[in-house]
Every structure is written in C-alpha cells, then in structure tokens.
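Data first, discussion second: the structure below is written as structure tokens.
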Number of protein chains: 4
Amino acid sequence: MKYAVFLIKSDDRKGLLATISNFFYEKDFNILRCQQYTDLYENKYYMRVKLDIAELHVTRRKLETSFKELADSLKLEWEVHYSDYVPRVAVLVSHASHCMYDLLVHQHEDDLHCGIPLVISNHPNLEHVADKFRVPFFCCPVDKKNKSEQEAKIVELLKKNHIDLVVLARYMQVLSNDFIESYNGRIINIHHAFLPAFKGADPYRRAWERGVKVIGATAHYATEDLDEGPIIEQDVERISHEFEPSDLKRIGKDIERRVLTRAVKAHLEHRVITSGLRTIVFPI
Amino acid sequence: MKYAVFLIKSDDRKGLLATISNFFYEKDFNILRCQQYTDLYENKYYMRVKLDIAELHVTRRKLETSFKELADSLKLEWEVHYSDYVPRVAVLVSHASHCMYDLLVHQHEDDLHCGIPLVISNHPNLEHVADKFRVPFFCCPVDKKNKSEQEAKIVELLKKNHIDLVVLARYMQVLSNDFIESYNGRIINIHHAFLPAFKGADPYRRAWERGVKVIGATAHYATEDLDEGPIIEQDVERISHEFEPSDLKRIGKDIERRVLTRAVKAHLEHRVITSGLRTIVFPI
Amino acid sequence: MKYAVFLIKSDDRKGLLATISNFFYEKDFNILRCQQYTDLYENKYYMRVKLDIAELHVTRRKLETSFKELADSLKLEWEVHYSDYVPRVAVLVSHASHCMYDLLVHQHEDDLHCGIPLVISNHPNLEHVADKFRVPFFCCPVDKKNKSEQEAKIVELLKKNHIDLVVLARYMQVLSNDFIESYNGRIINIHHAFLPAFKGADPYRRAWERGVKVIGATAHYATEDLDEGPIIEQDVERISHEFEPSDLKRIGKDIERRVLTRAVKAHLEHRVITSGLRTIVFPI
Amino acid sequence: MKYAVFLIKSDDRKGLLATISNFFYEKDFNILRCQQYTDLYENKYYMRVKLDIAELHVTRRKLETSFKELADSLKLEWEVHYSDYVPRVAVLVSHASHCMYDLLVHQHEDDLHCGIPLVISNHPNLEHVADKFRVPFFCCPVDKKNKSEQEAKIVELLKKNHIDLVVLARYMQVLSNDFIESYNGRIINIHHAFLPAFKGADPYRRAWERGVKVIGATAHYATEDLDEGPIIEQDVERISHEFEPSDLKRIGKDIERRVLTRAVKAHLEHRVITSGLRTIVFPI
C-alpha cells in the first residue's frame, strides 16, 4: 500500500483539527490513520496524518503546494513523507556489534523500512559483520590529531550516500557541534543507561556500585549537550544483587539493542515529532 | 474544569473525522482532547471527544439534539457524559477485601471520579471495611434456595441507589443472565488470572502446577459467558520457582487490585468503547 | 509455624557454607530455607537461614550463645529474628495518604508481619486515615524554630512505643543526622523518583520536562546523604507524551505505594542485608 | 576460569545441604556459587553447585566416582558439567528467521556458551542466514509420505554431529514421540503465545480477536503433548487496541527471540532442573 505521512506541529488554536481534516476530506483522501495530541500544558498542537495515496489524482508537488497554502495561513510547521521512498541509514559503530546486528537483522527481515548503504567505524574489527550483510564498511580511525579530518571524511561519505538518518550504534567518538547541527534531528544515539541517571562513562559499573534494582537504556536524538537530547525510547530490566557488573553489561546489551531498534523504527515510520527536549512518539 | 465526553462508534466512512470535528468547531467549542481510531481490519471507526463546556452557550439538551441530528445522518452510535455528574458505583464483594480497599482508597484520594453509595456482599465479614469509609453495607447471603430472591434484593438496592456501574470486586457468586443483561456493559469483574489462561476456579494453584513464569489478572465486562467478556485491562508479574501457591495468591492480590482499579478508572473517565469481544481503551 | 531467621555476613572464606549448615544440622534443625550469596567481586559472603523452631529443644538464649561461639570463631556479623515477635512499625507522614493507606491495608490483610502502634505527622490532616484503622495519631508540627524540639518529641514517641522500624511514607521533613544514626538501618524512605535520576524536589515535574518515557520510585534506607541510602526496591511504569505532570504524579503514587510496601515487607521478613551502598534482598 | 557445575535433585531430608557442602569443603574446593531450593510443597530438594576447578588435584573421573558414592548413599539424582566442554546445539527452523538470527548473533558475541555446527530446515529459504555465519545448512523437506524418513535423516545428522541440545527455533513440523523421547530434556521449543493461553495455531490472530491487552511467548522443553512441556522462560509486552494482528505478530517476534535465547542460555549454563511439569531455573 502506498501512503503519505504528514507530520504537523503548531501553537494550539481552535479549529485546527476540523480545518486540517477537512482539507484532506475535500481532496477525497482515504485517511488511514489520524493521530493528534494537544499539549494543554504548553499550548501546542501535534498531528500525524497517514493517507492512502494509491490513487492520487494530482501530482505530489501539487498536493504539497496546496497543503502549503493551508499551512501558511494556519502557521503550521509541517513535513510530508511518502512510503515509496526508502530512507537511507548510516550506522556508526566502534567495538560493540550488538546494536549493529539488531539493526541489520531487522532491516533484513523487513521490520525496518530503510536501506543501510554503509557502516562507518573508527575501528576495523566489525567489518565482518557488515560483510555478512554485504554492506560496505568504511574505517575512519580517529587519533588525537586527525579527528576533524576524519569527521570531514565521514560527512563526505554521508553526503555521497544521500544519508537521511545517522544511527550511533555504540559509536564511541564525540561528534563536533557542526556535525550535529548539520544533521539536527537526524542522528539517533543509544545511551547505555537509563537517562538522566548515570550520564557519562561506564554506567553499568556505576549502577552496580549504587546498588540499583532496575537498569535501562535510552535512545535519543543527539544534541550538542552529550546525553541530553530528546528521548525517543527507554526500556528497563529488573536486576538483583546476584548480578555482577559484567552481567549488567550483558543484560544491558539486550536492552540497548531493542531500545535503539524501536527508536529507529519510530523515526523511520515518521511517528516522532520533537518539541524542545520532549518527543511526541505516536505508538503505531 | 467542566467538560463533556462524546463516545462515538460507527462503520468507517470517508469524512467522519472532518464532519464531526467540524460540528464542534462551528459550535465554537474548545476541544480538550480528540482521540479516534480506525479499525481497518473490521472497518470500524471509534472516537472520543472531550470538550470544555465551562461556557456552554446552549442547554445540554439542545447540544444533544443537534448532535443527534448529525449522528442520525451519519449513522453513528454515540453517548455523551458530563464531568459534573458523579457516577454512582456499587461494589460487590465476598470474603477478600483487597480490591474493595483499593477502590475505596482511590475514591477517597480523588483518583476515581465516582461515589460509592453502597457495598453489597453475600457474607458479613467485610462490613468493617465499609464502616471505615462510612459506606452502607448490605449483606445478602446466598444459599441453594434463595439465590434468585437475593439477586432480586440486590437489583432493588442497585435501582434504589441509582447505580451506574457494578464492580464485582472478587464477588464469588454467579449472576443470572437477566441481571447481566440489564446491566450490560456496566458490570466490571476482576478475574484472578491472566485470561484466557486458567479460566475457572483456583487459578493460582493451577498456575503453580503448570510452572508458569508469569502470572496475571484480568478486568473485563461481565457477560453471560463467564470469564469471556471484553477485556479492559490486564497486568502481570514475573514469578520464579521459589514462589509457592500461597505466594502466587498474595502477589496475585496486588495485581488484581491495580488491574481492577485501572479498569474502573478507565470506565469512569469514559475512555472505553466496546466492540464485540474487544475494547478500545484510550490511554488517558 | 514458628521459625527463626539468621542473617549472616562475613568476608568470604572456604567452608563457610559447610561449617554453618553443619552447625544447624548437628542441632537437628529443620532448615526451611537457606539462601546464600557470595559476592566474588568484593569477596563477601551473605547468608539467610530460616529454621523451623516449633520443637526447639533448648532455650533461644542457649541457641544464640552457641551460635555466637561459632560466629566469633568465623568472624561473622549476624543477627537472629523470631517469627513470634511482631515488629513494631511507626509510620511518618505529611500530606499524602497513599503510602500510609497501603501500609495499613496490607497490615490489616496480614500481608505485613508487623504492628503499627502509631502514626506521626507534621500536619493534622491525615488523622482520619489513622482513625479508620484505630491507630493513635500524633501531630508534631514543625516550624523554623521548633524543629529539634519536635524531633525530640518524635524520638520519645518512638522509644515509648518500642519501635523497631520507622517508615517515612512521604514524610516531607529532613531528619537530623543524630536521629538517622540512632535508627541506622531501621528507617525506610520512599523517594518519588527512579533514583539516582531526579534527586531532590518535584521529580515528576522534572521528569515531564526531560521527556522521559519511563518513571519510577525508589525505597531505600535513610542515611545522612539525602536520597543516597542503600536501595531496597525500585519499580517503574512506561509513560507517553500524553501524560501531563499531574498524570505522572498520579501514576507515581501507585508506583510509590507498591515499592514502599514491598521494601517494608522485605525488611520485616528479614530478607535484606545491607553492604555499604548495596543491599542483598532475598526474593522470598 | 574453569569450573564444574553439579545439578542435584532429591527428596528433601535433613542435612542434605550440610552433607553435600561438606563433601566439597573437605575436597578443598572453591565454591563459586551454591544455590539450593527446597520445595516444601512437594518435599523436594534442588541444588546447583558451581566449583572452581582451575587447580583440580584429582582426575575428573575420580571426583565423579567419589561424588557418586555420596550421591548413592543419599539417593540423589545428579549430573555434572564442565565449562571447558562446549555444548553442541542444532537449530531447527522453517520459514521464520528471527529466532535463528538471535541465537547465531548471541553465539557469535560469546553470550551463548555453545557451538552451532548445523542448521536443519524443512525449507530451503533460510540457507542464506546460515551461510552468513558459515554454519552448514541441511534441508530436509517434509511431505505427506516422507515424514518418518526425513526425521530419520535428521536424527542421523544430530548423531553424527554429537548434538547436545536441539532448539526448535520456529520449526513448524511435529516431531515423533520416538524422537522426543530420545532427546528428552534436550529439546527446547519456542511457542508464539503466552502458554497455557492460545495453544495451537495462529495465536496472535486469536489474541487479537480475544482483545487481550498483553501478549507473550513461551520457551519450554518439548514433550509428547504439544505445547505442554515444562516452561523455562516466558515474557510479555503490553499491546493496545491500535495493534492489528500483523503488529502483534511483529511484536511477538521480538518477544519470541529474547525468550528463546534466554531459555537456551539458561540450559547451556546448567541453570535448569526439571521436576515434572515445573522447572527450577536459577537466575544466574
């Protein structure tokens, strides 16, 4: 089925729902799903409309032009995505393969609507994983001197491959603010802890020392403030005193895997709207 | 804040959302929350609209009459509820007090929007719980001969107290089909197992014998088929081999408590629409 | 059934399990449950032994004396508790009643092995809850000047009532270090957040602002460092963007309730051993 | 670290723990972990002892002979496993790759202590997955006539490869009783539902029709009664009315994946003891 997804945000005003849904009704669209959320607390309106476009009577350009008119008059921020465009995802990794595997497996099983045209790493050791799935693997090793040079190389790779989404699948290098700004809202990172607890390094060790009874992981959009971007997805597991730091790390791997894949899936299905530090994530 | 909630169901057709939301927009309502769900699988449309009616310009009767016109033309099934009406709940119990306590405590803490004008039991032993909360307690003991007579007495009590919702909070008597029909969609039962597993008696014992690793409880609308009504809420807890049947029963009590209270809360906030065996439960 | 529980901790050495279990075997005890845990990471040994003492052939004094000999020779830290002693719990509250209710209800349903001879508050408004359960209620209002005076009054009440465990069931006053030291390991606090995230005030508001997808609560022993004591129990619930701060607070109440009651239950059943910041909590 | 794991079960009697732990103490073993569980309900004793054998002073044969003497005198059922033996696992699949992938990935990441020398399928289409991990793939297509012939071929493959554990990773053929008996306690199956609910075919579809709010998956030892073997692991996810049968299936895949891998891991680490329909699963 071919469909389009409109993501809309705006200050809340009376009649937004009626006016927007009317727009699509008059154009005789079949609305597959319409989700909206009014944040009464901050007076914001968020909306996601999924339209059947199998029998679109006009060009997409024309549809967009006419929606733009409406949006301008209502002062909506909006974007539209079409299901027949397959987003292109770059996976960045370092040493740990678990998140990378989970993304590649889900993509292969058609549970992630994307292509993964390349994997980039600062280490050579996960080349064999990329090879299994016949994904080109690029190694950009970073040392004290060549950091910005290597980042430039990465940016070049991303551009050449028309990358829509960068997934930091346990990529252990800090990216420059320039990089993050130029891919603003299009970089998803997995943090191996239940943020905002245990920001920074070695969180499982510190969770063990603190004696917590639940550990977790957090997938979020990358921002200039490390570990402070808008959270897309979190999950947790109960642990007991019997689990050593190495057990927490192992259990954590399974949490990280599923949290990152879910977050990437939500993004690729255009179910996420960000609003400052918060995200609206429509459940399906 | 005063509000009205419209619950709507219908076969799905193009334009329902636009037409209905337009109705409220033209009447200049402030829509606090609008939730809808299209079941593409069974081609059904469900909608919940929450309106600010603090400054309603017409009588409620008039609002309803004009919505009825729209609904008739669109063949909608619908109902409307007003926040300033406090629903009246009867709690039916037998020996176990945990669900009864949880309902009374949440009601006292203003977390359940209802009054509880009476508790009815087939045993005298929970009178002291009702007394604590100054709720009238009626004992209708059932034996082999007086079952229908006692049920008639219960119906009379419910009618005299203008009861809107009957909560079977571990009430261990089977109700007649007549009773269930006359309160169709207005009786919530808690089953002490994760349905459809372990229907029938002594589910924790049987769960132990079967060696399950997760136990649960289920709140559902009562129907003529015992343990087969539409499910409103379920929850579970992990258990291990170390837990004996008595432990499962104790853990189960805490699951039952919260599952029943959540289901009653969803019903009282008019967040539930039933459709055959299924329920649409809007999350908030 | 009458039983005794020995809680033991020690540096780990070969033969501890054999030697200690032999001690009880030679005395012809029926061991109902024996749980031990060796922390290979910090080289510590923890043990809980639950003995049937229905037909104890010697006095308890004598049993303890002979175990003390063994313990001294092995350099064990230990304590013993008898099931026919009913621990005495003081509940301290301020404005919020939900944790207090949950403790009283569970105690009334025989799911907490304790007596609750008094409730203390710095406000008068929860007296009616104590009254329902016929528990004496003492109001010790605190202002800028009388803080230490009122704390002295509380200590006096605790002593006069031979209190074994102080439960801070959303008691919003900071206790002095002297107080905390004198009840070291015998004060359980509920923190309304998933520690170590959101330490300090108004955590649900801050959780909302941070846009987390999971909220939680933490029960811990009180120590001089606020919100930093050994964690006994934590639990969480998933939330979505639709939940406002007031919803988080309400959901949080239900998490706090069950987390605190579980922690108190674990303590009262002598299933908790602390070790620095960490706790060993045997599951049953 | 080299270690041995003893798994012991027996009727419960006084002194078992003391006698057995003494045996290992006298032999000067370093006990890494000792876990036992007394089922007071059925009067059974279960024990798992993990020993450091880095500096074993006698042959393993001799250790086993001397433990056998003790075991015979106490009428213990027992087995011993050594960490330097890498168990050999055969994975049987049909069309669905998700469980197979998860097992192979975890094995590659050293999170499953086993070798996977072959994959067997009744269909050719997952050969490419086996190829990725360079695991030999055998296709034994089954039709109405050749069922027992093909099973004989499978048995031959298992024997030739000295297989210790057979994992039915969504293998959709029923195995004969002879097969199941000859691998009794060494076949793990994943059922795509939360047993005992939804036994049999197409459980996600039926879960949707029944309107459940939680779905799950179950890993169990295969027995002659389909879907009735001892349960090793279960897990669940909350769902809502918005999820269609195809969504349940997709979510179910992620539950099945992790449930099966956890069960296989528990078995391979010798943490599972079965007792009739029940399993004792030590948590770590």
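When residue A:187 is tested against the conditions (1) within 28 Å of residue C:239 (Cβ to Cβ); (2) within 11 Å of chain C (Cβ to nearest Cβ), the lone failure is (2). Within the set B:166, B:174, the sole residue that is surrounded by 18 or more Cβ atoms within 10 Å (Cβ to Cβ) and assigned by TED's automatic domain parsing to the domain that holds residue B:254 turns out to be B:166.
Restricting D:263, D:217 to those that are open to solvent by less than 10 Å² (accessible area, probe 1.4 Å) and assigned to a strand (DSSP E or B) reduces the list to D:217. In region A:204-224, which residue that is in contact with a His (Cβ under 8 Å, 6 or more places away or on another chain) and within 25 Å of residue C:283 (Cα to Cα) is nearest to the other protein chains (Cβ to nearest Cβ)? Within region A:204-224, the match that is nearest to the other protein chains (Cβ to nearest Cβ) is A:211. Going by the conditions given, is residue D:81 closer than 26 Å to residue C:45 by Cα and at pLDDT 95 or above? When the stated conditions are applied, residue D:81 passes them. The condition of being open to solvent by 20 Å² or more (accessible area, probe 1.4 Å) and within 30 Å of residue B:250 (Cβ to Cβ) does not hold for residue B:57. Of the residues making up region A:101-135, those that are within 19 Å of residue D:253 (Cβ to Cβ), in a helix (DSSP H, G or I) and of a type outside the set (Asp, Glu) number 7. Scanning region B:187-202 for residues that are crowded, with 19+ Cβ neighbours inside 10 Å, of a type outside the set (Val, Ile, Thr) and closer than 27 Å to residue B:139 by Cβ yields B:189, B:191, B:192.
Taking each residue of region A:148-159 that is assigned by TED's automatic domain parsing to the domain that holds residue A:181 and charged (D, E, K, R) and looking for partners that are open to solvent by less than 20 Å² (accessible area, probe 1.4 Å) and in a helix (DSSP H, G or I) with beta-carbon atoms closer than 6 Å, six or more apart or interchain, yields A:151/A:179.
Yes or no, residue by residue, for (1) more than 10 Å from chain C (Cβ to nearest Cβ); (2) in contact with a Lys or Arg (Cβ under 8 Å, 6 or more places away or on another chain):
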position	(1), (2)
A:241	no, yes
A:251	yes, no
A:254	yes, yes
A:260	yes, no
A:265	yes, no
A:271	yes, yes
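Taken across region D:236-253, residues that are without any contact (Cβ under 8 Å) to a residue 40 or more places away in the chain, touching an Asp or Glu at 6+ places or on another chain (Cβ under 7 Å) and open to solvent by less than 30 Å² (accessible area, probe 1.4 Å) do occur, with at least one present. Taking only region B:241-253 into account, find how many residues are touching a strand residue (DSSP E or B) at 6+ places or on another chain (Cβ under 8 Å) and either in a helix (DSSP H, G or I) or among the aliphatic types (A, V, I, L, M) (or both). Residues meeting the conditions: 3. Among the candidates C:255, C:231, the residue that is closer than 19 Å to residue C:172 by Cβ and either of a type in the set (Lys, Arg) or in the same structural domain as residue C:182 (by TED's automatic domain parsing) (or both) is uniquely C:255.
To keep it simple, each residue is scored yes or no on (1) open to solvent by less than 30 Å² (accessible area, probe 1.4 Å); (2) facing chain C (nearest Cβ under 9 Å); (3) more than 21 Å from the chain's Cα centre (by Cα).
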{"position": "D:3", "(1), (2), (3)": "no, no, no"}
{"position": "D:7", "(1), (2), (3)": "yes, no, no"}
{"position": "D:13", "(1), (2), (3)": "no, no, yes"}
{"position": "D:37", "(1), (2), (3)": "yes, yes, no"}
{"position": "D:42", "(1), (2), (3)": "no, no, yes"}
{"position": "D:47", "(1), (2), (3)": "yes, no, no"}
{"position": "D:50", "(1), (2), (3)": "no, no, no"}
{"position": "D:61", "(1), (2), (3)": "no, no, yes"}
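Taking the criterion of being modelled with pLDDT of 90 or more and either buried (at least 22 other Cβ atoms within 10 Å of the Cβ) or more than 10 Å from chain D (Cβ to nearest Cβ) (or both), the residues of region B:225-234 that qualify are B:229, B:231, B:232, B:233, B:234. Just give me the residues in region C:32-84 being closer than 16 Å to residue C:273 by Cβ and among the hydroxyl-bearing types (Ser, Thr, Tyr), in sequence order. C:37, C:38, C:41, C:45, C:46, listed by residue number. Among the residues that make up region C:25-35, is at least one of them within 10 Å of chain D (Cβ to nearest Cβ), of a type in the set (Phe, Trp, Tyr) and open to solvent by 40 Å² or more (accessible area, probe 1.4 Å)? Looking for residues that are within 10 Å of chain D (Cβ to nearest Cβ), of a type in the set (Phe, Trp, Tyr) and open to solvent by 40 Å² or more (accessible area, probe 1.4 Å), one finds at least one in region C:25-35, hence yes.
All of B:45, B:25 fail the test of being among the aromatic types (Phe, Trp, Tyr) and under 24 Å from residue D:246 (Cα atoms), apart from B:45.
Residue selection: residue D:236 satisfies the criterion of being aliphatic (A, V, I, L, M), part of a strand (DSSP E or B), under 30 Å from residue B:281 (Cβ atoms) and in the same structural domain as residue D:209 (by TED's automatic domain parsing).
Only a single item in (1) open to solvent by less than 20 Å² (accessible area, probe 1.4 Å); (2) in contact with an Asp or Glu (Cβ under 9 Å, 6 or more places away or on another chain); (3) in contact (Cβ under 8 Å) with a residue 40 or more places away in the chain; (4) not in a strand (DSSP E or B) is not met by residue A:20, and it is number (2). For region A:63-100, give me each residue that is among the aliphatic types (A, V, I, L, M), in a helix (DSSP H, G or I) and either without any contact (Cβ under 8 Å) to a residue 40 or more places away in the chain or open to solvent by less than 20 Å² (accessible area, probe 1.4 Å) (or both). Of everything in region A:63-100, those that are among the aliphatic types (A, V, I, L, M), in a helix (DSSP H, G or I) and either without any contact (Cβ under 8 Å) to a residue 40 or more places away in the chain or open to solvent by less than 20 Å² (accessible area, probe 1.4 Å) (or both) turn out to be A:63, A:71, A:100.
The values are calculated or read from the model by the stated rules, or taken from the named source; none is laboratory data. Keep in mind it's a predicted model, so treat the numbers as computed, not measured. No Cβ is skipped: glycine too gets one built from the backbone with ideal geometry, and neighbour counts run over all protein chains shown. Calculation scope for accessible area: heavy atoms of the full protein, side chains included, ligands and nucleic acids excluded. Shrake-Rupley method; radii C 1.70, N 1.55, O 1.52, S 1.80 Å.
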